[in-house]
Each structure stands twice: as C-alpha cells, then as structure tokens.
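Novice: The following block contains the structure, expressed as structure tokens.
We did not get these values from a lab; they are worked out from the coordinates using the rules stated. Owing to the predicted nature of the structure, the values given are computational and were not obtained by experimental measurement. Heads up, the Cβs are rebuilt from the backbone with ideal geometry, glycines too, and the neighbour counts pull from every protein chain shown.
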Amino acid sequence: MGAQTLKNLGFSNVANLKGGIDNWVQSGKAIKNYLGTFTLTSEQE
C-alpha cells in the first residue's frame, strides 16, 4: 500500500520491499537517495 501511495503522489522510483526494511538491512543491500549511496547496519546486543 505504501509504494502505491507514493506512486500516486508522483514519485517514480518506488519499490515495494518484500520482507520490509529490516530484511533489506540484514541482506546488506545499499540504499540510494539524494545524499548518495549507503548501507545500513543493525546492532546486535
């Protein structure tokens, strides 16, 4: 639903993250935005 809403608002580079952002972070994939490209890490306690 979120991706479709963004598309309806005029955003063109939108993707639905299967498994959510947590799965994306755990997989080590990069995120690209207007600030550049970066990779998030999750803290393990």
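Novice: For region 26-40, which positions are in a loop (DSSP other than H, G, I, E, B) and either of a type in the set (Phe, Trp, Tyr) or within 13 Å of the chain's Cα centre (by Cα) (or both)?
Specialist: Passing the criteria: GLY28, LYS29, ALA30, TYR34, THR39, LEU40.
Novice: Another question about this same structure. Go through region 1-18 and give me each residue that's exposed (fewer than 10 other Cβ atoms within 10 Å of the Cβ), of a type in the set (Gly, Ala, Ser) and within 11 Å of the chain's Cα centre (by Cα).
Specialist: Matches in region 1-18: ALA15 only.
Novice: Here's something else I'd like to know. Collect the residues in region 5-25 that are part of a helix (DSSP H, G or I) and either over 21 Å from GLU43 (Cα atoms) or not charged (D, E, K, R) (or both), keeping them in residue-number order.
Specialist: Selection gives THR5, LEU6, LYS7, ASN8, GLY20, ILE21, ASN23, TRP24, VAL25.
Novice: List every residue pair whose Cβ atoms sit under 9 Å apart, with the two residues 6 or more apart in sequence or on different chains, where the first one lies in region 13-31 and is closer than 12 Å to GLY2 by Cα and the second, anywhere, is basic (Lys, Arg) and surrounded by 12 or more Cβ atoms within 10 Å (Cβ to Cβ).
Specialist: VAL14/LYS7
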